[in-house]
Amino acid sequence: MDIIWYSFDGGLTNHTIIDNGTFDQNAWTTLSQGDVTITFYAKDLAGNEASESVTVIKSIPSGLEPGVIITIVIVSVVGGVAIIAGVYIFMKKRATPE
């Protein structure tokens, strides 16, 4: 094999595959979510070329908004304090003879 390369845009922009065989992360990041067609090309020492395409689905998991995270933390802390206070009061009343 002389050279192997791939393209995300039908051959307009080509990326050569080097030893490690990973995608160009900058090129991958710029692609939008959804179907992505990757075309792989190969050329042997005799000059023969071949290509094959594969379609994958690029999906970026949605993260929580910072406001939601802060709300979860505040509710958790307040809830934890309320439970501890409730247990403390219950134990104190139980320990006090009437």
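Taken together, the values in this text are just the output of simple stated rules run on the coordinates, not laboratory data. Quick caveat: nothing in here was measured; it's all calculated off a predicted structure. Backbone-built Cβ (ideal geometry, glycine too); neighbour counts: all protein chains shown.
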Which listed residue (Ala46, Ser32, Val87) has the Cα farthest towards the positive end of the charge dipole for the chain, taking +1 on Lys and Arg C-beta and -1 on Asp and Glu C-beta about the Cα centre? Val87
Relative to the longest principal Cα axis of the chain, at what angle does helix 66-95 sit, 0 to 90 degrees, rounded to 10? 30
Ranked highest first by the average count of other Cβ atoms within 10 Å around their residues, in what order do 56-62, 80-86, 7-13, 36-42 fall? 36-42, 7-13, 80-86, 56-62
With the contact rule set at Cα under 8 Å and sequence spacing of 6 or more, what percent relative contact order holds for the chain? 23
Mind listing the Cα extents of the chain along all three principal axes, in Å, largest one first? 99, 24, 18
